[in-house]
Amino acid sequence: VEDPKGGYMLWVRGGRAQGMDQVAKQCLEQGVAVVGGGIFFAEPPKEACFRLNCARATPEDLARG
């Protein structure tokens, strides 16, 4: 995980880019939905990566909107 330079996103990088589908599946099994980071690049990345959005809201805060 890289130190965020701003905003509310964390980049997770490492491993083969071809393995991103398996990473996404394992994350989803744990209740975390991710999208491969390749959609954020003009050229396909050489390593697996994804972007995590983060927030400090509780489930109750989210339910209230």
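The values are calculated or read from the model by the stated rules, or taken from the named source; none is laboratory data. Keep in mind it's a predicted model, so treat the numbers as computed, not measured. Note that each Cβ is placed from the backbone with ideal geometry, even for glycine, and that neighbours are counted across all protein chains shown.
Out of the residues in region 22-60 meeting the condition of being over 13 Å from VAL12 (Cα atoms) and among the small types (Gly, Ala, Ser), tell me which one is surrounded by the most Cβ atoms within 10 Å (Cβ to Cβ).
Ranking the candidates gives ALA57 first.
Consider ALA63 against the criteria (1) at pLDDT 80 or above; (2) within 13 Å of the chain's Cα centre (by Cα): it satisfies all of them except one. Which criterion is unmet?
Result: ALA63 fails condition (2) only.
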